[in-house]
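Some notes on the structure that comes next.
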């Protein structure tokens, strides 16, 4: 798959749900065969600056794509595909 | 006519044992109510995420702000892990501190799981009394904290950052809303079912085997110390709210006064030790104590009031 510069971040407060989302996102990126690293950010201020108040957050290119709940891998892939 | 009459018939058909019959009936009824009501609340919530609530609140003035914040707190789920993002997000977008506190009080106190259990085990009148008292406590606690001018007790870094409250959230389709509500409902059910089962189980045992009015001499409405004691015991019990309400419903039958029961349940949901610990990241201990003190006083007042009225 062609891979433009996509920045994928998972932001969380360090709660178990957030770490789970990080794991699932890495899995999604692998399955899509992207060469992007998934970044995990535990700084709540970053979430707030993005304008979001729920954790966890999946952000793609700095924009919130999924907020406040734990989606399944399929949903994460769909969200990522919209941006590539 | 009671819509749960068929469940009653089923329980009667399965067993004549009082405690077991009570357990089967209550469990089925509560799980049906939980599934239906959490689903409905999740659908409403998908239209009103916290980010949208913030946009509404930052446009309101003080007093209407407190009222609206408390009402919106009802539909927002609250776990102590979201306390900090909510607090920062509100305050940094310019929502007044008092209005933010109204929301922080209402959100955990009036939650859908507590409501279902109250509705299913105590009936709609007590559920309504609980909601209205909770709203009044949330509104007034927020107004009082707003008047106290305690902004200096918030950690300085909170006010060093300001953000504009406009958020570009991903849009949800109708299908996604339903999928979200379904996932959320299953999630909550998975989390609470053991507590609910144990709570109803112990409650059913009490219902069947403890003599009526057994507790009246310790916790009847004429015992002044029952209400403050109930509030104190409630503070460390937050995570088990789902199991505690079925339990106290059985205790009420055995002579604990209704006002005391209400105060206990409010304390369990609204005053939570883990939440206080987390809030220490953004505010001084003194402010947490003021917050707990005001809400605690409001809860005790409610308890005494309904011990007088609901005899």
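Laboratory data are not the source of any read-out in this text; all were calculated from the coordinates shown. Just so it is clear, the structure is predicted and the values come from calculations on it, not from any experiment. Note: ideal-geometry Cβ built from the backbone for every residue, glycine included; neighbour counts use all protein chains shown.
Scanning region B:134-146 finds one or more residues that are out of contact with any helix residue (DSSP H, G or I) (no Cβ under 7 Å at 6 or more places or on another chain), surrounded by fewer than 23 Cβ atoms within 10 Å (Cβ to Cβ), touching a residue at least 24 places away in the same chain (Cβ under 8 Å) and in a helix (DSSP H, G or I).
Would it be correct to say that residue A:58 is within 11 Å of chain B (Cβ to nearest Cβ), touching a residue at least 40 places away in the same chain (Cβ under 8 Å), surrounded by 18 or more Cβ atoms within 10 Å (Cβ to Cβ) and not in a loop (DSSP other than H, G, I, E, B)?
For residue A:58, the condition - within 11 Å of chain B (Cβ to nearest Cβ), touching a residue at least 40 places away in the same chain (Cβ under 8 Å), surrounded by 18 or more Cβ atoms within 10 Å (Cβ to Cβ) and not in a loop (DSSP other than H, G, I, E, B) - is met.
For region B:84-110, name all the residues that are touching a strand residue (DSSP E or B) at 6+ places or on another chain (Cβ under 9 Å) and within 11 Å of another protein chain (Cβ to nearest Cβ). Talk me through it step by step, then tell me what you get.
Within region B:84-110, the first condition is being touching a strand residue (DSSP E or B) at 6+ places or on another chain (Cβ under 9 Å), and the residues that meet it are B:87, B:91, B:97.
Within region B:84-110, B:87, B:91 qualify.
Test of understanding: among B:130, B:180, which residue is away from chain A (no Cβ under 14 Å) and either loosely packed, with under 14 Cβ neighbours inside 10 Å or in a helix (DSSP H, G or I) (or both)? Let's see the steps before the verdict.
Working: B:180 fails: away from chain A (no Cβ under 14 Å).
After applying the criteria, what remains is B:130.
Looking only at residues of region B:110-127 that are in contact (Cβ under 8 Å) with a residue 24 or more places away in the chain and not in a helix (DSSP H, G or I), we find that the one that is surrounded by the fewest Cβ atoms within 10 Å (Cβ to Cβ) is B:111.
Scanning region A:31-49 for residues that are more than 18 Å from residue B:278 (Cα to Cα) and under 13 Å from the mean Cα position of the chain (by Cα) gives A:36, A:37, A:38, A:39, A:40, A:41.
Yes or no, residue by residue, for (1) part of a loop (DSSP other than H, G, I, E, B); (2) more than 19 Å from residue B:131 (Cβ to Cβ):
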{"position": "B:52", "(1), (2)": "no, yes"}
{"position": "B:55", "(1), (2)": "no, yes"}
{"position": "B:63", "(1), (2)": "no, yes"}
{"position": "B:67", "(1), (2)": "no, no"}
{"position": "B:71", "(1), (2)": "no, no"}
{"position": "B:86", "(1), (2)": "no, yes"}
{"position": "B:95", "(1), (2)": "yes, yes"}
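Can you spot a residue in region A:61-70 that is assigned to a loop (DSSP other than H, G, I, E, B), within 30 Å of residue B:282 (Cα to Cα), free of Cβ contacts under 8 Å to residues at least 40 places away in the same chain and more than 9 Å from chain B (Cβ to nearest Cβ)? No, region A:61-70 contains no residue that is assigned to a loop (DSSP other than H, G, I, E, B), within 30 Å of residue B:282 (Cα to Cα), free of Cβ contacts under 8 Å to residues at least 40 places away in the same chain and more than 9 Å from chain B (Cβ to nearest Cβ).
Considering each of B:152, B:161 in turn, give the residue that is without any contact (Cβ under 8 Å) to a residue 40 or more places away in the chain, surrounded by fewer than 20 Cβ atoms within 10 Å (Cβ to Cβ) and either within 14 Å of chain A (Cβ to nearest Cβ) or over 25 Å from residue B:187 (Cα atoms) (or both). If you could, list the steps in order and put the result at the bottom.
Values: B:161 fails: without any contact (Cβ under 8 Å) to a residue 40 or more places away in the chain.
Step by step, each of B:152, B:161 is checked, and only B:152 is without any contact (Cβ under 8 Å) to a residue 40 or more places away in the chain, surrounded by fewer than 20 Cβ atoms within 10 Å (Cβ to Cβ) and either within 14 Å of chain A (Cβ to nearest Cβ) or over 25 Å from residue B:187 (Cα atoms) (or both).
In region A:35-45 there is at least one residue that is within 11 Å of chain B (Cβ to nearest Cβ) and in contact with a helix residue (DSSP H, G or I) (Cβ under 8 Å, 6 or more places away or on another chain).
The set of residues in region A:5-27 being in a helix (DSSP H, G or I) and either touching a strand residue (DSSP E or B) at 6+ places or on another chain (Cβ under 6 Å) or more than 19 Å from residue A:62 (Cβ to Cβ) (or both) consists of A:16, A:17, A:19, A:20, A:21, A:22, A:23, A:24, A:25, A:26, A:27. Take residue B:174 and decide whether it is more than 14 Å from chain A (Cβ to nearest Cβ) and either without any contact (Cβ under 8 Å) to a residue 60 or more places away in the chain or surrounded by 13 or more Cβ atoms within 10 Å (Cβ to Cβ) (or both). Judged against the criteria, residue B:174 is a match.
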